[in-house]
Amino acid sequence: MLDKEFVLEELKKIKYPGFSRDIVSFGLVKDLYVGEGEIHFKMDVTETNHNNLLQTKAEAEKLLSGLEGVREVKILLQVKNQNPKPTSQGHAPDRTNPIAPLVKYKIAVASGKGGVGKSTVSVNLAIALQKSGFKVAIFDSDIYGPSIAKMMNVEGQKPHSEDGKNLEPIENYGLKMISMAFFAKNDSALIWRGPMIQKAIEQFLRDVIWEEQDFMIIDLPPGTGDAQLTFSQVVELQGAVIVTTPQNVALRDAYKGVSMFQKVGVPISGIVENMSYYECSKCHEQSFIFSSGGGKKAAEELGVPLLGEIPIDTKIRIGGDKGEPIMISEPDSLIAKEFMKIA
Ligand code: ADP
């Protein structure tokens with residue numbers, strides 16, 4: 001008969017990679033639910049070896065799915081905090097103890113300066129990736145002006161912690177997210193410097209239960225200084241997207257951004273040009289308010305892809321203010337299609 005005891009006995013057949021003990025006696029199986037043909041449980045682990053975790057999960061899924069009368073097996077992997085080793089300035093990310101190891105691709109969204117639409121791009125890009133069929137999380141590390149919570153309509157919410165240590169991300173529009181804003185006492189900017197920023201970011205990223213994700217979009221603070229460098233030293237990034245507006249001043253900063261990431265060995269996914277043009281809603285004439293073609297030229301010169309060009313549109317601003325990104329409010333618009341292309 002399919003019941004908890006039987007399922008636990010079966011799971012005892014699975015040894016943890018590299019150990020002679022099984023996953024049940026290791027205490028990894030939590031919140032086991034066995035219903036009509038359904039088996040759900042969580043695997044709570046402190047292990048950070050991605051392959052070991054996925055291998056164990058796959059084995060358990062295969063074994064349980066093969067049992068008579070089982071229709072559905074759901075296993076949720078959770079990695080818990082495990083006393084991080086301190087990382088000191090100037091070091092590459094600690095590969096033996098990675099942060100958020102269940103996230104496959106951690107992509108930073110960066111800009112040389114504030115106000116160019118970095119957070120707007122982060123949010124809409126994350127939703128576009130999700131609409132393309134991926135599991136996506138957002139980490140808002142913009143300590144100077146964390147705006148993701150507002151844009152995602154979760155402002156004022158506080159992440160829950162069951163054990164007083166590990167945090168559960170906030171969820172909306174099907175995306176999990178953590179923002180530094182969730183931990184600020186009021187609207188005032190969080191004034192943190194060098195080592196404090198590094199510690200804070202590292203701690204938050206380790207304490208959050210991220211589960212398995214295909215992508216994590218990381219909204220970096222604007223600029224190309226210490227805070228941004230810190231990030232690539234703490235978190236192993238698989239790519240960086242640079243957001244710029246088309247005029248020369250902004251582009252100069254974009255060049256700096258690209259060269260900063262290249263220096264620390266983070267691959268540049270490409271450039272997104274925001275506020276590329278304004279199209280009159282009546283006559284459809286396009287005005288190039290901040291000049292034109294800058295993103296394309298920069299991308300060519302730097303040898304990185306131009307991922308897309310987003311026009312200035314009041315709907316984007318209004319969506320940002322009311323917490324309903326254009327990818328949600330107008331998923332069939334030309335702008336949403338451009339974000340899908342970028343994704
Ligand atoms: P950053 O993260 O670079 O500081 P934000 O994404 O917060 O920039 O954008 C700054 C402001 O500009 C926000 O009010 C946002 O809604 C608005 N904005 C960003 N991109 C556009 C756009 N393409 N069209 C209209 N408004 C935009």
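The values are calculated or read from the model by the stated rules, or taken from the named source; none is laboratory data. Values in this document were obtained by computation on a predicted structure and should not be read as measured data. Counting neighbours? That spans all protein chains shown, and the Cβs are built from the backbone with ideal geometry, glycine included. Heads up: the accessible areas ignore ligands, DNA and RNA and are worked out on the full protein's heavy atoms, side chains in. Shrake-Rupley method; radii C 1.70, N 1.55, O 1.52, S 1.80 Å.
Length gain on complete extension for the stretch E5 to L54, per 0.36 nm per residue less the alpha carbon to alpha carbon distance?
Taking E5 through L54 to full extension adds about 15.2 nm, to one decimal.
At 4 °C and 1.567 mPa s, grab the translational diffusion coefficient of the chain from Stokes-Einstein with a Kirkwood Rh over Cα pairs, rounded to a whole number in µm² per second.
This corresponds to a translational diffusion coefficient of 60 µm²/s.
May I ask you to rank V208, V264 by accessible area, largest first, using a 1.4 Å probe over the protein chains only?
Reading off the accessible areas and sorting them downward yields V264, V208.
Please give the charge dipole size of the chain, origin at the Cα centre, charges +1 on K and R Cβ atoms and -1 on D and E Cβ atoms. Round to the nearest 20 debye.
880
When only alpha-carbon atoms are used, what values of Rg and Dmax, in angstrom, describe segment 215-286?
So, for segment 215-286, Rg and Dmax equal 14.9, 50 Å respectively.
What 222 nm value per residue comes from the helices of the chain, counting each DSSP H run with n ≥ 4 as -39,500 (n - 2.57) and dividing by all residues, nearest 500 deg cm²/dmol?
-9500 deg cm²/dmol
So, counting K/R as plus one and D/E as minus one, what does the shell of residues with Cβ under 10 Å around M151 add up to?
-3
How many percent of the alpha carbon pairs in segment 279-335 exceed a separation of 18 Å?
49
Short version: what are the Cα gyration tensor semi-axes of segment 254-315, square root of 5 times each eigenvalue, largest first, in whole Å?
28, 10, 8
Put +1 on the Cβ of each Lys and Arg and -1 on the Cβ of each Asp and Glu in the chain; which of I75, G37, G156 then has its Cα farthest toward the positive end of the dipole?
Highest projection toward the positive end goes to G156.
Calculate how many DSSP beta bridges within the chain are antiparallel, expressed in % of all such bridges and rounded to the nearest 5.
Taking every DSSP beta bridge within the chain, about 20 percent pair in antiparallel fashion.
How high is the FRET efficiency between F183 and V70 when r is their beta carbon distance and R₀ equals 41 Å, given to the nearest 0.05?
The pair F183/V70 has a calculated efficiency of 0.45.
Order D22, D332, D3, most accessible first, counting only protein heavy atoms with a 1.4 angstrom probe.
Of D22, D332, D3, the descending order of accessible area is D332, D3, D22.
List the residues, sorted by chain then number, that are 5 or more residues from M275 or on another chain and whose placed amide H is less than 5 Å from its amide H.
Amide H to amide H, under 5 Å and 5 or more residues apart or across chains, M275 pairs with I310, I312.
When the solvent-accessible surface of protein heavy atoms is calculated with a 1.4 angstrom probe, in what order do T224, T230, T314 fall, highest first?
Listed by decreasing accessible area, they come as T314, T224, T230.
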